Amino acid sequence: MVKAAAGDHVVVESSHLSAHRREGQIVEVHDPNGAPPYLVHWTDTDTESLFFPGPDAHIVHADS
């Protein structure tokens with residue numbers, strides 16, 4: 001199970017050649033145990049969206 005906290009980063013690797021890797025900072029986590037979904041601020045579009053990580057995503061913890 002994926003667990004994250006506000007301030008962590010999420011990285012989504014692309015499985016398509018024409019798509020790019022996405023990175024964002026987790027702004028809000030509503031579950032006290034750190035489970036998804038997360039409110040993420042995406043660096044490529046400077047927007048925020050609710051995000052449910054799939055198998056192509058991983059979390060980089062802020063304390064790492």
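The values are calculated or read from the model by the stated rules, or taken from the named source; none is laboratory data. Just so it is clear, the structure is predicted and the values come from calculations on it, not from any experiment. So basically every Cβ, Gly included, is an ideal-geometry build from the backbone, and we count neighbours across all protein chains shown. We work out accessible area using only protein heavy atoms, side chains counted, and drop any ligands, DNA or RNA first. Shrake-Rupley method; radii C 1.70, N 1.55, O 1.52, S 1.80 Å.
Things to note:
- Long-range Cα-Cα pairs in the chain (distance over 18 Å), rounded percent: 29
- For residue 60, the residues 5 or more places off, or on other chains, whose built amide H falls under 5 Å of its own are 9, 10, 11.
- A Förster radius of 30 Å combined with the Cβ-Cβ distance from residue 14 to residue 63 puts the calculated FRET efficiency at roughly 0.65.
- Ligands, DNA and RNA left out, the accessible area of the chain computed with a 1.4 Å probe is 54% carbon and sulfur.
- Peptide packing for 52-63, 11-22, 33-44 was compared via the average number of neighbouring C-beta atoms within 10 Å per residue; ordered from the highest value, the list is 33-44, 52-63, 11-22.
- Accessible surface computed residue by residue for the chain, with neighbouring protein chains in place and a 1.4 Å probe, gives 67 Å² per residue.
- For the chain, a crude dipole built from +1 on the beta carbon of Lys and Arg and -1 on the beta carbon of Asp and Glu, taken about the Cα centre, is about 140 debye to the nearest 20.
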